[in-house]
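Shown next, in structure tokens, is the structure this report addresses.
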Amino acid sequence: MSFAAKKPLELPTDGRQSETALAVARGTARLLHAHGFSVVSELPLPSGRRADLVALDSAGQIWIVEIKSSVADFRADQKWQDYRAHCDRLYFATCLEVPCEIFPPDTGLIVADAFGAEFKCAAPEHRLPAATRKSMMLIFARAAALRLQSLADPTGPYGDMD
């Protein structure tokens, strides 16, 4: 069987993100990958929140990226402060049309489009406690594995398990 003949697997979208947010997520994931991170999107956190992007590198660093596609999106959503308890660094990612000045100075900033992104400001580090790191790594691994399995077996019993 030729791999070239196979249709690429596609992740289903959940319909909550705008086209702009999806483009920013894609470009940001590419940037993070280029810096040695693996990325899981829409990851449920132990706090009950759902992070837009969670990135994990080979050293076990965990970054969370909150995507904001507009000024109104940023102003309407202040739950991002809860994400600090689940990551070593907290970033915002946005598009060129959103002014960088609206984002808090104690977070990092990424500007992205569908094809790539760049770091505008590095996020300060606040190292996770070991138990939280382990919990987040297990959540990340389990979500990634279940999503991959559900792509390979779309009619399987995986449902919304992450």
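Derivation of every value follows stated rules applied to the coordinates shown; laboratory data play no part. Predicted model, so just to flag it, every value in this text is computed and none were measured. Note that each Cβ is placed from the backbone with ideal geometry, even for glycine, and that neighbours are counted across all protein chains shown.
Taking amide hydrogens as placed 1.01 Å from N in the peptide plane, the amide H of V98 sits under 5 Å from that of no residue at least 5 positions away in sequence or on another chain. As a length-normalised measure over Cα pairs under 8 Å and 6 or more apart, the relative contact order of the chain settles at 22 percent.
Note on M137 and D113: with the Förster distance fixed at 30 Å, the Cβ-Cβ geometry gives a FRET efficiency of about 0.50. The Cα-based radius of gyration of the chain, divided by its Kirkwood radius, gives an Rg/Rh of 0.97. Each label point was placed 7 Å from the Cα along the Cα-to-Cβ direction; for D57 and D106 their separation is 2.3 nm. Amide H contacts for C87 (H built 1.01 Å from N in the peptide plane; partners 5 or more residues away or on another chain; cut-off under 5 Å): none found. The calculated FRET efficiency for R127 paired with E97, based on their beta-carbon distance and R0 = 35 Å, is about 0.55. Computed over the chain with a Gaussian network model linking Cα atoms closer than 10 Å, the most mobile of D77, D57, D106 is D77. To the nearest ten degrees, helix 130-152 and the longest principal axis of the Cα atoms of the chain are 40 degrees apart. To the nearest 10 degrees, how steeply does helix 19-34 sit against the main Cα axis of the chain, on a 0 to 90 scale? Roughly 90 degrees between the two axes. Classify segment 115-159: rounded, prolate or oblate, from the alpha-carbon gyration tensor (a ≥ b ≥ c, eigenvalue square roots; a/c under 1.5 rounded; otherwise prolate if a/b is larger than b/c)? Oblate is the answer for segment 115-159, as a/c is 1.5 or above yet b/c matches or exceeds a/b.
Between K120 and Q81, the C-beta separation translates, for a Förster distance of 22 Å, into a calculated FRET efficiency of about 0.65.
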